[in-house]
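Q: Let me begin by handing over the structure; questions about it come next.
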Amino acid sequence: MLPAPLFFLVVAFIVVFIMASAYLPVRTQMMMGGILLCILFALGVLQKRLAGVPKIFLLLVAGFLSLRYWLFRTFLTIGGGHPIDFSFALLLYLAESYGILIHVFGMLVNIWPTDRKPEPLSGEPGDLPTVDVYIPTYNEPPDLVRITATAALQMVYPSGKLRVFILDDGASRISGGGLEAKQAEDRSRRLRSIAAEIGAIYHAREKHLQAKAGNINAALFQCQYPPDLDTYGRAASTSSSTETACGELILVLDCDHVPTRDFLEKTVGFFQQDPKLFLVQTPHYFINPGPVEKNLAIHRKGPAENEMFYGVIQRGLDFWNASFFCGSAALLRRSHLMAAGGLSVDTVTEDVETSMKLHAMGLNSIYLFRPMVIGLSPETFDNFIIQRSRWAQGMVQILRLKNPLFQKGLTIAQRIGYFNSCFFWFFGIARVIFFVSPMMFLLFGLRIYNASLLQVIAYCVPHLVAAYYAANKLYGRFRHPFFSEFYETVQSIYLAPAILKAFLRPRSPVFRVTPKAMNLDKNTLSHLGVPFYIMLLACVVAQVVGWLRWHHVANVVDALFLCSVWNVFNIFLLLCCLGVVWERSQRREAHRFPVVEPADVRLENTGEKISTRVLDLSAKGFSCYVTGTVRPAIQSSLILHARDKDGNLYELPAIVRHVEATADGFKLGSLFMLDTASQRERIVSYVFGESQRWRFFGEHYTGPGMSTSRGLVLLFKLAISGSLRNITGVFKLLLVRIKTYRHSVGRAPKGDTSL
């Protein structure tokens, strides 16, 4: 028996599909398309005033126009012509069909996103479930792990009910010998020392098997099965702790994901209400810009690349009980996880695979849209592609090895949700086809799209306008449709081969750790930028050839016009990509985030206590405004007096490292003094403890969504600025290389031509 919302959507889809199948003359179709677009825009206006119903009808109208176009493409534009023409035409048709299917599934999944509120704890403190915090780590800096573990121990929860485990998988490299083994041993020693200092439990295993999932599983089962009775074939703990008590709940945190003090207060209550609940997932919030936002200088000027998933899609999945584990910032019930045999290890996206398995067991999940963990995004384009390639390959593995559509135990809505999440990642292949297709006609005259300009206006234009408009209504606060095109384009050239490899050989992908906390000393060109130059050159050549053919080939004006417009749009996307692959320098040891909070500072050189505003914070320091005429001295000491939202007072010593004069005082940049463990703990609590600080751009943005025209203009500006910065940077690099070459030749002995 289908649930009522899904039954309504299925019936509505069948009705829309039947209506979309009716034949109409082209001019009648054009008129109908125009009328329906007007209705669509009217529903969009009504949606702001009447919640719910206008949105449903808006999506149905948009879906009708898209299905109408797909049926036109299927029955009136495919077939005939030379085999090469037909082959490329078929590829384009399949890519378009993929896009329409993902669009329709996206509307189904995200039509009713949830808006859950935190569930308060119930009962006496002694009755609350015990919690084990697992922080898996492999080769990340120990100081990064320290901050996360310290913050985890500071979470508000009854004494004796919370334990924090540092799961050091990097210790498995000690037995390998050589420099790597020595580095691993030094790192292991530091992590043991940190754990002992702050009160965490250090745990390691002898062999690095099954990557992150294996690391967590080794800790998961150690408490029930002592090391000498490990029937799961996992390495024994090298921790001195031999405790066999199990936490009823498990909080998984990546080693760079720092939790706020109220994380457990806001999430444990859900488990008290539902014994079948296996997961409460919360968003991943990042303190630093991703490489796309950083390199294009658009950080905090609009939603970040990851916000659509955490701001809309997970909430949409949550309505259908299909939100899934994202590897971190998630609380899980140990008994359900152990009943499933621990984290699944058949794919490199063990989190989603495990969630699907537990959902198939009839268990429930919840997504709480409240950022309570702050982490680090990949800091270079190279690392970004490593991360996204792993995600793409893992989801394709799930599709090939454990197709959600045929998983017993899943509801129909869950099957659609998981299938959509897996199938989405084929966008890399589709984007490559969308780039190649117009060039095939402009360069070689291949008939890849058998339709007249009038038919395109009648069928394609209403579909595109409706699809963009509907997507903007679904995701607009968190992602503009044109930016989706751009974000997918910048990944596609590298994801396409990774996806094909995983599809053809689903057992071949291996887990690759995403590097974190990396610095770049100077602006530089990413080594992954070459394909974008080649693609851009090909598009420009195709455009020139197309213009030449315009005047010399008869009866192709319609096709030339359409392909030229399409190719120009691709060129703009590629120009934006050039801005991404020109890496901006990244020298900060600790990323700062903006705040505007009142505080006091006591200056050493004056002894007076001054009211101030803290402007930004990091794990290492802060900046603030102070009024007065006496300029604080560089290297002078001060004490920051501040209170958090809970009223806790912090007195944090710091050293002034930068002074900038302002109209009525000075702006100070200061570094915290980290001399003692107590000082470090207080700084972590003050800087990272409050979840009220973490808000997605789209979450707090209450203005109207960005219009289609404004989004296109912004994309155009990014294309110009990004490509100019890239070209200027490459030109400077060439000058440096030429100067270096001349200098080396000038200094070489006579007759010596070596470099």
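The values are calculated or read from the model by the stated rules, or taken from the named source; none is laboratory data. Keep in mind that this is a model prediction, so the values were computed, not measured. Cβ placement follows ideal geometry from the backbone for every residue including glycine, while neighbour counts extend to all protein chains displayed. Heavy atoms of the whole protein, side chains included, go into the accessibility calculation; ligands, DNA and RNA do not. Shrake-Rupley method; radii C 1.70, N 1.55, O 1.52, S 1.80 Å.
Q: Tell me the residue from Val26, Val16, Val45 that is at pLDDT below 95, more than 32 Å from the chain's Cα centre (by Cα), under 28 Å from Val109 (Cα atoms) and not aromatic (Phe, Trp, Tyr), please. Don't jump to the end; show me each part of the working.
A: Details: Val26 fails: under 28 Å from Val109 (Cα atoms); Val45 fails: more than 32 Å from the chain's Cα centre (by Cα).
Criteria check complete, one pass: Val16.
Q: Go through segment 417-445 and give me each residue that's under 27 Å from the mean Cα position of the chain (by Cα) and small (Gly, Ala, Ser).
A: Listed by number, the residues that qualify are Gly417, Ser421, Gly428, Ala430.
Q: What's the total number of residues in segment 317-332 that are aromatic (Phe, Trp, Tyr) and touching an Asp or Glu at 6+ places or on another chain (Cβ under 6 Å)? First the steps, then the outcome.
A: As a first pass, look at segment 317-332 and keep what is aromatic (Phe, Trp, Tyr): 319-320, 324-325.
Then drop every residue that is not touching an Asp or Glu at 6+ places or on another chain (Cβ under 6 Å), which leaves 325.
Total satisfying the criteria: 1.
Q: Against the condition in contact (Cβ under 8 Å) with a residue 60 or more places away in the chain and under 15 Å from Ala213 (Cα atoms), how does Leu296 come out, does it pass?
A: Numbers: in contact (Cβ under 8 Å) with a residue 60 or more places away in the chain: yes; under 15 Å from Ala213 (Cα atoms): no.
Against the criterion (in contact (Cβ under 8 Å) with a residue 60 or more places away in the chain and under 15 Å from Ala213 (Cα atoms)), Leu296 does not qualify.
Q: Still on this model: Quick check: anything in segment 409-416 in a helix (DSSP H, G or I), farther than 14 Å from Thr514 by Cα, within 20 Å of the chain's Cα centre (by Cα) and among the polar types (S, T, N, Q)? Break it down stepwise before answering.
A: Step one: of segment 409-416, the residues in a helix (DSSP H, G or I) are 412-416.
Those left that are additionally farther than 14 Å from Thr514 by Cα: 412-416.
Filter once more, so that each one left must be within 20 Å of the chain's Cα centre (by Cα): none.
No, because not a single residue in segment 409-416 is in a helix (DSSP H, G or I), farther than 14 Å from Thr514 by Cα, within 20 Å of the chain's Cα centre (by Cα) and among the polar types (S, T, N, Q).
Q: OK, next. Which one is modelled with the lowest pLDDT, of the residues in segment 494-542 that are basic (Lys, Arg) and farther than 19 Å from Phe427 by Cβ?
A: Let us first name the residues in segment 494-542 that are basic (Lys, Arg), namely 501, 505, 507, 512, 516, 522.
When the remaining residues are screened for being farther than 19 Å from Phe427 by Cβ, the result is 505, 507, 512, 516, 522.
Numbers: Arg505: 94, Arg507: 91, Arg512: 79, Lys516: 70, Lys522: 79.
The residue in question is Lys516.
Q: Is it the case, given these coordinates, that Arg163 is part of a strand (DSSP E or B) and open to solvent by 10 Å² or more (accessible area, probe 1.4 Å)? Write out each step before concluding.
A: On the way: part of a strand (DSSP E or B): yes; open to solvent by 10 Å² or more (accessible area, probe 1.4 Å): yes.
Yes; evaluated as a whole, the condition is true for this residue.
Q: Shifting gears a bit: Does segment 322-339 contain at least one residue that is more than 20 Å from Thr267 (Cβ to Cβ) and either modelled with pLDDT of 95 or more or of a type in the set (Val, Ile, Thr) (or both)?
A: No, segment 322-339 contains no residue that is more than 20 Å from Thr267 (Cβ to Cβ) and either modelled with pLDDT of 95 or more or of a type in the set (Val, Ile, Thr) (or both).
Q: Among the residues of segment 358-376, is any β-branched (Val, Ile, Thr), open to solvent by less than 30 Å² (accessible area, probe 1.4 Å) and farther than 28 Å from Arg261 by Cβ?
A: Going through segment 358-376, the residues β-branched (Val, Ile, Thr) turn out to be 366, 373-374.
Applying the additional criterion that residues be open to solvent by less than 30 Å² (accessible area, probe 1.4 Å) yields 366, 373-374.
Narrowing the set further to residues that are farther than 28 Å from Arg261 by Cβ leaves none.
Taking every residue of segment 358-376 in turn, none turns out to be β-branched (Val, Ile, Thr), open to solvent by less than 30 Å² (accessible area, probe 1.4 Å) and farther than 28 Å from Arg261 by Cβ.
Q: Only one of Leu562, Leu574 is of a type in the set (A, V, I, L, M) and either assigned to a strand (DSSP E or B) or open to solvent by less than 30 Å² (accessible area, probe 1.4 Å) (or both). Can you tell me which?
A: On the way: Leu562 fails: either assigned to a strand (DSSP E or B) or open to solvent by less than 30 Å² (accessible area, probe 1.4 Å) (or both).
The match here is Leu574.
Q: I want to confirm something. Restricting to segment 462-481 and keeping residues that are farther than 13 Å from Thr708 by Cβ and at pLDDT 90 or above, which single residue is nearest to the chain's Cα centre (by Cα)?
A: His463
Q: Return the total of residues in segment 341-365 being outside any strand (DSSP E or B), modelled with pLDDT of 95 or more and more than 16 Å from Gln397 (Cα to Cα).
A: Counting residues in segment 341-365 that are outside any strand (DSSP E or B), modelled with pLDDT of 95 or more and more than 16 Å from Gln397 (Cα to Cα) gives 6.
Q: A follow-up question, please. Taking segment 484-509, which residues are assigned to a helix (DSSP H, G or I) and open to solvent by less than 20 Å² (accessible area, probe 1.4 Å)? Steps first, please.
A: Restricting attention to segment 484-509, the residues satisfying the condition of being assigned to a helix (DSSP H, G or I) are 484-504.
Passing the criteria: Phe486, Tyr487, Thr489, Val490, Gln491, Ser492, Leu495, Ala496, Ala498, Ile499, Ala502.
Q: Looking at segment 649-660, is at least one residue open to solvent by 60 Å² or more (accessible area, probe 1.4 Å) and out of contact with any Leu (no Cβ under 9 Å at 6 or more places or on another chain)?
A: Within segment 649-660, one or more residues are open to solvent by 60 Å² or more (accessible area, probe 1.4 Å) and out of contact with any Leu (no Cβ under 9 Å at 6 or more places or on another chain).
Q: Further question on the same structure: Please go through (1) modelled with pLDDT of 95 or more; (2) touching an Asp or Glu at 6+ places or on another chain (Cβ under 8 Å); (3) closer than 30 Å to Ser66 by Cβ for Phe165 and return the number of the only condition it doesn't satisfy.
A: (3)
Q: On to the next question. Please enumerate the residues belonging to segment 277-318 that are in a helix (DSSP H, G or I) and out of contact with any helix residue (DSSP H, G or I) (no Cβ under 8 Å at 6 or more places or on another chain).
A: The first filter runs over segment 277-318 and keeps only residues in a helix (DSSP H, G or I), leaving 291-296, 307-318.
Scanning segment 277-318 gives Glu293, Lys294, Phe309, Tyr310, Gln314, Arg315, Asp318.
Q: Filtering segment 445-459 down to residues that are assigned to a helix (DSSP H, G or I) and open to solvent by less than 20 Å² (accessible area, probe 1.4 Å), which residue is nearest to Trp566 (Cα to Cα)?
A: Going through segment 445-459, the residues assigned to a helix (DSSP H, G or I) turn out to be 453-459.
With open to solvent by less than 20 Å² (accessible area, probe 1.4 Å) added as a condition, the list becomes 456, 458-459.
Details: Val456: 13, Ala458: 17, Tyr459: 16 Å.
Among them, the one singled out is Val456.
Q: Still on this model: Check whether at least one residue in segment 693-706 is within 30 Å of Tyr469 (Cβ to Cβ), outside any helix (DSSP H, G or I), modelled with pLDDT of 75 or more and among the basic types (Lys, Arg), and report yes or no. Talk me through it step by step, then tell me what you get.
A: Within segment 693-706, the first condition is being within 30 Å of Tyr469 (Cβ to Cβ), and the residues that meet it are 695-706.
Pick out the ones that are also outside any helix (DSSP H, G or I) and you get 695-696, 701-706.
The next check asks that each one be modelled with pLDDT of 75 or more; those that pass are 695-696.
Filter once more, keeping what is among the basic types (Lys, Arg): 695.
Among the residues of segment 693-706, at least one is within 30 Å of Tyr469 (Cβ to Cβ), outside any helix (DSSP H, G or I), modelled with pLDDT of 75 or more and among the basic types (Lys, Arg), which makes the answer yes.
Q: OK, next. Those residues that are in contact with a Phe, Trp or Tyr (Cβ under 8 Å, 6 or more places away or on another chain), of a type in the set (A, V, I, L, M) and within 30 Å of Val436 (Cβ to Cβ), I need them from segment 38-88; list them, please.
A: Passing the criteria: Ala62, Leu67, Ile78.
Q: Still on this structure, I have one more. Go through segment 50-86 and give me each residue that's open to solvent by 60 Å² or more (accessible area, probe 1.4 Å) and of a type outside the set (A, V, I, L, M, F, W, C).
A: Step one: filter segment 50-86 for residues open to solvent by 60 Å² or more (accessible area, probe 1.4 Å), giving 50-51, 53, 57, 70, 75-76, 81-84, 86.
Of everything in segment 50-86, those that are open to solvent by 60 Å² or more (accessible area, probe 1.4 Å) and of a type outside the set (A, V, I, L, M, F, W, C) turn out to be Gly81, His82, Pro83.
Q: Taking the residues in segment 308-333 that are over 19 Å from the mean Cα position of the chain (by Cα) and farther than 16 Å from Asp351 by Cβ as candidates, determine which candidate is surrounded by the fewest Cβ atoms within 10 Å (Cβ to Cβ).
A: As a first pass, look at segment 308-333 and keep what is over 19 Å from the mean Cα position of the chain (by Cα): 319-321, 331-333.
Next, only the ones that are farther than 16 Å from Asp351 by Cβ stay: 319-321.
On the way: Phe319: 19, Trp320: 22, Asn321: 17.
Looking at residues that are over 19 Å from the mean Cα position of the chain (by Cα) and farther than 16 Å from Asp351 by Cβ, I get Asn321.
Q: Okay, moving on. Looking only at segment 585-598, which residues are open to solvent by 50 Å² or more (accessible area, probe 1.4 Å) and at pLDDT below 85?
A: Initially, segment 585-598 is screened for residues open to solvent by 50 Å² or more (accessible area, probe 1.4 Å), giving 587-589, 592, 594, 596, 598.
Residues satisfying the conditions are Arg587, Arg588, Glu589.
Q: If you check Pro113, Pro125, Pro141, which single one turns out to be under 25 Å from Val687 (Cα atoms), open to solvent by 40 Å² or more (accessible area, probe 1.4 Å) and in contact (Cβ under 8 Å) with a residue 24 or more places away in the chain? Please lay out each step first, then the result.
A: Values: Pro113 fails: under 25 Å from Val687 (Cα atoms); Pro125 fails: under 25 Å from Val687 (Cα atoms).
Residue meeting the stated conditions: Pro141.
Q: Could you please find all residues in segment 599-629 being in a strand (DSSP E or B), touching a residue at least 40 places away in the same chain (Cβ under 8 Å) and crowded, with 18+ Cβ neighbours inside 10 Å?
A: Our first condition is that a residue be in a strand (DSSP E or B); within segment 599-629, this holds for 599-603, 609-617, 621-627.
Among the residues that remain, those that are also touching a residue at least 40 places away in the same chain (Cβ under 8 Å) are: 599-601, 615, 617, 621-626.
Hits for segment 599-629 are Ala599, Val601, Leu617, Gly621, Phe622, Ser623, Cys624, Tyr625, Val626.
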